[in-house]
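What follows is a single structure, written as structure tokens, with notes after it.
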Amino acid sequence: MDVNKYRRTLSVMALSNLVLLMGVFEFSWDPHLVLLFYWFEAGVAVTREAAQSLFAALPPSKEYRPTGTRAPFPLKILADVRGGFRPARWLPPVYPQNVPYTLLTLIPLVAFWPFGGLMLTGVVTPVVETFVLPVSAALGVLAILVSQLFKLVDWFQSGEYETVSATGGVSKTHLALLFILAFVAPFVVGVVEAAGVTRVELGLVLVGSKVVYDVLELRNPGFVQSAMFIDKTAGEESTVEVPDGEPVAAFHTDQRAEFTTSVFVGVLSSFLGPTLFFVLLGGLTGMLVGSNLFGTPHGPAIGVVAGAAVVVAVRVLAQLAVGWIVGGHLVYRVYPDAVVAHNTLTSEAQWSIPREDISDVTIGDGFLASRLPDWFGTVRLDRYNGESHKIAYLTDVDAVAQLLDA
């Protein structure tokens, strides 16, 4: 065990709980406010671990890939992107292949966490009286953020990201913890308060429970793990053979076509795919908030439209990011003996086809293709083994076809 790391973790844990204890005694924090802090910390912890999983350097094993499981993977096309890129010089590479697994962690949180907050603040339940956060609550929020930031920095410094793979998902234990915080604990606190237990006594019990939880986590790391990414799920990444020497020609994808397609797919998938559930959920959440902020009769309608629009906008932005990563940086390099799709963002070849294996070269000329601008041009490469690859969004597809037919 790293003694220095253990001491640092213990110090941050003690400081965080001392802030809560001071809030109970000095700022007269209500027990329901303390529960709200715990709910906030649980959500921030999941977000932190989801962010960490983006940097996991090893690919997941076949059992955890989208093709090896029945789990619905969001943006699963990113799972096939090879290589990574540095978002900043002082950070390790981010691997796009981890994004679908990260979303598997965040989606349950987004679907469940806001309702927990509405419950704990009394917006949508009569169990807790609606209350306004005191100014001193900023101190509790700051303590939580500093604690989680410390864990994030410590994880980077340990280099653990080099030995793990992202497999996504929120553990059932952590979901149970969130459920207890949002839906069970407020009832229990209300019953105990009605029995005559004082605010300070309840606050001490809640802070003591948190201390016990922190000690258990310190002695048994991950016993209530939120995001599941471990070295046992790591697999091996296949290699893509790239010929030596310089290519005879290189063709870049057109950014205009990539942008237009991403916006169209983002809007369409918001209403035809699984995202429709979140559009409806966003509308429902917006209706509750709109009713509370603007009242009737216009508040609910404004909230529904705003909530649904936010989800659609997020889905479009996500699709734009996917297009930027997957196709926005693709360069199709034609070598004397192979065709290679190279991603300049991740600095990795995505696929390679020996030219002798190409059985047919076809230019896209269907009904839709004839009505789109030239920069939507596509070329399909068929192989003798039945596989095919598409070279998409090129301005001069004729030049590609002539070169490959030569």
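The values are calculated or read from the model by the stated rules, or taken from the named source; none is laboratory data. Predicted model only: the values in this text are computed from it and were never measured. No Cβ is skipped: glycine too gets one built from the backbone with ideal geometry, and neighbour counts run over all protein chains shown.
A few notes on this one:
- Restricted to region 374-405, and to residues there that are of a type in the set (S, T, N, Q) and outside any strand (DSSP E or B), the residue that is surrounded by the most Cβ atoms within 10 Å (Cβ to Cβ) is Thr395.
- So Arg82, is it surrounded by 19 or more Cβ atoms within 10 Å (Cβ to Cβ) and outside any helix (DSSP H, G or I): yes
- Residue within region 27-39 that is part of a helix (DSSP H, G or I), without any contact (Cβ under 8 Å) to a residue 40 or more places away in the chain and touching a Lys or Arg at 6+ places or on another chain (Cβ under 9 Å) present: no
- Every pair of residues 6+ apart whose Cβ atoms lie under 6 Å, when the first sits in region 289-311 and is on the phi < 0 side of the Ramachandran plot and assigned by TED's automatic domain parsing to the domain that holds Pro114 while the second is surrounded by fewer than 16 Cβ atoms within 10 Å (Cβ to Cβ) and part of a helix (DSSP H, G or I): none
- Residues in region 198-230 that are of a type in the set (Gly, Ala, Ser), surrounded by fewer than 16 Cβ atoms within 10 Å (Cβ to Cβ) and at pLDDT below 90: Gly222 only.
- Filter pass, Arg315 being over 22 Å from the mean Cα position of the chain (by Cα) and either in contact (Cβ under 8 Å) with a residue 60 or more places away in the chain or surrounded by 20 or more Cβ atoms within 10 Å (Cβ to Cβ) (or both): no
- Note on region 147-196: residues that are in a helix (DSSP H, G or I) and within 30 Å of Glu237 (Cα to Cα) amount to 13.
- Neighbours by Cβ (under 9 Å, 6+ apart or cross-chain): first from region 337-360, over 16 Å from Ala249 (Cα atoms); second part of a strand (DSSP E or B) and of a type in the set (D, E, K, R): Asp357/Arg383; Ile358/Asp382; Ile358/Arg383; Ser359/Asp382; Ser359/Arg383; Asp360/Arg380; Asp360/Asp382; Asp360/Arg383
- Of note, Leu276 does not satisfy the criterion of being surrounded by 13 or more Cβ atoms within 10 Å (Cβ to Cβ) and at pLDDT 90 or above.
- Some residue of region 61-70 being outside any loop (DSSP other than H, G, I, E, B), modelled with pLDDT of 80 or more and among the acidic types (Asp, Glu): no
- Glu49 within 16 Å of Val200 (Cβ to Cβ), among the acidic types (Asp, Glu) and modelled with pLDDT of 85 or more: no
- Hey, Leu139 modelled with pLDDT of 90 or more, part of a helix (DSSP H, G or I) and farther than 29 Å from Ser270 by Cβ or not: yes
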